[in-house]
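In what follows, a single structure is set out as structure tokens and then discussed.
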Amino acid sequence: MNVDGQPYRTIWLEEPGCVRIIDQTRLPHEFALLDLRIPDEMAAAIGNMKLRGAGLIGCAAAWGLYLSAWQHHRRPGFSSLWQADYAALLATRPTARNLQWALERVQLALDSSPGADPVEITRREAQAITDEDADFCRRMGQHGLRLLRDIAERKPGQPVQVLTHCNAGWLAFVDHGTALAPVYAAHDAGLPVHVWVDETRPRNQGAALTAWELGQHGVPHTLIPDNTGGHLMQHGLVDIVFVGADRVTATGDVANKIGTYLKALAAHDNGVPFYAILPSSTLDWSLTDGIQQIPIEQRNAAEVTHLQGWDETVNRPAIVRICPANTPAANYGFDVTPARLITGLITERGMAPATAEGLRALYPERHAVN
Ligand code: MRU
């Protein structure tokens, strides 16, 4: 997608041994790139959310293993150094399935090529994961575009109203995004579309990231407090809800940013279609009950008690406390929306009902549960 008219991906190999990312903690106020050269730096970038979003976390983890191979492959004890880096990367964010998936994929590539150069193997696999992520997101955009076209036909001359939560745009992946991919596809095809952007407390990925990337691409949008969606739906101002996903069970339960479940309830109550859009790397075929089985990350309470923003009086970033000092706070990063509240899932292969049968029809090669 474009930044100031120039196309960007969110992660790339800048030169041998150096992975470059967009530092998302500085957005929307500053567009800054960050170079990562050692695996610990990559693990820290994932943990501190300098990059975030399920797809990008997976790609970053794969590049983290490339950096591990680059750093250590000539050293004695490469295998144990590699394993330590693998464990550190795996421990960064527990909810997004893509992290584990990508690490396992790079490990398999390495194990399948005994004697080959580990730097070259890991570079190739990380690049393949990165390119595949971008391609899958583009395809999800085309599948979701069909839904937006149908809505547009029913209300000629008026914009299709999409509500989204958090950031599942191109910043959360390598390019295009998931929830926002159909929006970009519609906008680029000349279909009038407008996005209601949930601010997404506590880290405000909607306000900071979704609003920024939609603005960069010229897509009309309006920022709303997180608790506005139900009201908009009651007044017919939302045609469809698109969200991303961090982990999806074989039965169609969806873990996504905290607050997604409440949007699904409101959508269900108001007859508004609610879709989760995700690549197959987000599917966890081993799980059948999202509420019981998906690990929910709990982050630092300071993310709730304090807000980060731009102090316009002194023109620099600022962090402010928004509650009495020492107020106890809880910071659950994600919640699970049960499959029964989801109209459908959109993956790179197309659309399916959020059921075991629906997913099995899209991925017949998987032995999904009954
Ligand atoms: O904590 P984050 O920002 O890494 O959370 C991920 C998300 O942005 C959302 O949950 C998103 O909707 C799914 S990831 C594409």
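The values are calculated or read from the model by the stated rules, or taken from the named source; none is laboratory data. Just so it is clear, the model here is predicted, and its values are computed rather than measured. All Cβ positions, glycine included, derive from the backbone under ideal geometry; neighbour counts span all protein chains shown. When the accessible area is computed, the model is the full protein with side chains, heavy atoms only, and any ligands, DNA or RNA have been set aside. Shrake-Rupley method; radii C 1.70, N 1.55, O 1.52, S 1.80 Å.
Considering all alpha-carbon pairs of the stretch 279-370, what whole percent are spaced by more than 24 angstrom?
Details: 1960 of 4186 pairs.
Here the long-distance tail beyond 24 Å is 47 percent of all Cα pairs in the stretch 279-370.
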What's the angle, to the nearest 10 degrees (0 to 90), between helix 118-154's Cα axis and the longest principal axis of the chain? 10 degrees
Express in Å², to the nearest 10, the accessible area of Thr164 obtained by rolling a 1.4 Å probe over the protein heavy atoms while all chains stay in place. 0 Å²
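Arranged from highest to lowest average of other beta-carbon atoms within 10 Å per residue, in what order do the peptides 255-262, 82-89 appear? Provide the component values of the computation, followed by the final result.
On the way: 255-262: 24.0, 82-89: 18.6.
Top of the packing list down: 255-262, 82-89.
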In the Gaussian network model of the chain, springs joining C-alpha atoms below 10 Å, which of Trp310, Trp196, Trp285 carries the largest mean-square fluctuation? Trp310
Compute, for Leu191, the solvent-accessible surface of its heavy atoms (probe 1.4 Å) with the complete set of protein chains present, and express it in square angstrom to the nearest 10. 30 Å²
Using a Gaussian network model of the chain with C-alpha springs under 10 Å, which one of Pro338, Pro328, Pro39 is most mobile by mean-square fluctuation? Pro328
If Met351, Met1 are ordered by their accessible area, calculated over protein heavy atoms with a 1.4 Å probe, which sequence runs from highest to lowest? Met351, Met1
How large is ³J(HN,Hα) for each residue in the stretch 337-348, as worked out from phi by the Karplus curve 6.51 cos²θ - 1.76 cosθ + 1.60 (θ = phi - 60°), to whole Hz, x for Gly and Pro? 9, x, 3, 5, 8, 10, 5, x, 10, 10, 10, 5
In sequence order, what are the phi-derived ³J(HN,Hα) couplings for the stretch 180-186 according to the Karplus relation 6.51 cos²θ - 1.76 cosθ + 1.60 with θ = phi - 60°, rounded to whole Hz, with x for glycine and proline? 8, 4, x, 5, 5, 4, 5
Charge dipole magnitude, Cβ of K and R +1, D and E -1 - the chain, Cα centre, debye nearest 20: 300 debye
Equivalent ellipsoid dimensions for the chain as semi-axes, Å, which come from the Cα gyration tensor, largest first: 32, 25, 20
Return the whole-Å distance between the Cα centroid of the stretch 158-234 and the Cα centroid of the stretch 53-121. 32 Å
For the stretch 42-158, what value does the Rg/Rh ratio take when both radii are computed over Cα atoms and Rh is the Kirkwood radius, given to two decimals? 1.16
Go through the stretch 203-216 residue by residue and turn each phi into a ³J(HN,Hα) via Karplus (6.51, -1.76, 1.60, θ = phi - 60°); whole Hz please, and just put x for glycine and proline. 8, 6, 4, x, 5, 7, 10, 5, 4, 5, 6, 5, x, 4
Among Thr355, Thr200, Thr222: highest mean-square fluctuation, GNM of the chain, C-alpha pairs under 10 Å: Thr222
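Where both residues lie in the chain, what percent of DSSP beta bridges are antiparallel, nearest 5? Walk me through the numbers on the way to the answer.
Values: 26 of 45 bridges.
In the chain, DSSP labels about 60 percent of beta bridges as antiparallel.
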Using a Cα-Cα cut-off of under 16 Å, which aspartates and glutamates could be cross-linked to Lys257, ignoring same-chain neighbours fewer than 8 residues away? Asp198, Glu199, Asp226, Asp246, Glu297, Glu303, Asp335
For helix 97-111, what angle does its Cα long axis make with the longest principal axis of the chain, in degrees from 0 to 90 and rounded to 10? 30 degrees
Measure of exposure for Asp289: accessible area at 1.4 Å probe, Å² rounded to 10, is 60 Å²
